[in-house]
Amino acid sequence: MKKSLWLISLLWILILSWCWSSLNVVEYNDSFVALVKECTDANQSLFQTFNADWSAIDSIAASLQENVIICQNSQKKAADLWDYDKDSSLKDAVVDLLASEVDYLQKFWSTEKYRNIDNITPEDEAVYEDIVRDLYKSETDLNAKFVSLQEVQEAFAAKHWLKLE
């Protein structure tokens with residue numbers, strides 16, 4: 001009887017530790033999803049406003065500055081999170097993605113001073129074209145990082161027995 005009670009207790013401890021570990025990995029994943037969502041939702045709203053109403057350029061400029069801060073804060077929070085079971089792959093991918101978001105926003109911000117110029121000089125036009133080229137390159141890089149993050153998240157989930165939704 002003592003042996004079976006001991007065996008049942010041990011089994012319960014193993015089951016509870018597995019459940020705690022599963023919950024922990026879900027919370028870990030969800031915290032990174034929330035940080036990325038915080039940044040990307042703000043940016044999506046900004047660009048919808050920008051595409052719908054060019055006359056709102058002043059409020060867009062203010063929102064753009066706010067979004068840089070939001071994304072930088074998300075990046076810092078992600079960098080400050082722990083590595084799950086000595087695995088930093090998900091954290092590293094999120095931090096990298098958020099750094100690219102900040103880079104993209106800052107490049108987009110640098111085009112702002114050229115939007116309201118009626119008579120742009122050839123020198124300013126050349127600078128603007130360089131900025132736009134960098135902006136498109138940054139956008140391509142950002143899109144690639146979203147794909148990479150999804151791949152990293154899927155590999156992380158498989159490694160840690162996490163079922164993604």
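The values are calculated or read from the model by the stated rules, or taken from the named source; none is laboratory data. Since the structure is predicted, the reported quantities are computational estimates derived from the model, not experimental observations. To get the accessible areas, we keep the full protein, side chains included, count just its heavy atoms, and leave off ligands, DNA and RNA. Shrake-Rupley method; radii C 1.70, N 1.55, O 1.52, S 1.80 Å.
Using a Cα-Cα cut-off of under 21 Å, which lysines could be cross-linked to K91, ignoring same-chain neighbours fewer than 8 residues away?
K37, K76, K77, K145, K159, K163
Express the carbon and sulfur contribution to the solvent-accessible surface of segment 20-165 as a percent, rounded to the nearest whole number, probe 1.4 angstrom.
The nonpolar share, carbon plus sulfur, comes to 52 percent.
For segment 98-165, just the Cα atoms, rotate onto the principal axes and tell me the three extents in Å, largest first.
Principal extents (Cα only, largest first): 59, 16, 15 Å.
Report, in whole Å, the centroid distance computed from the Cα atoms of segment 29-98 and segment 116-141.
A separation of 24 Å, based on Cα centres.
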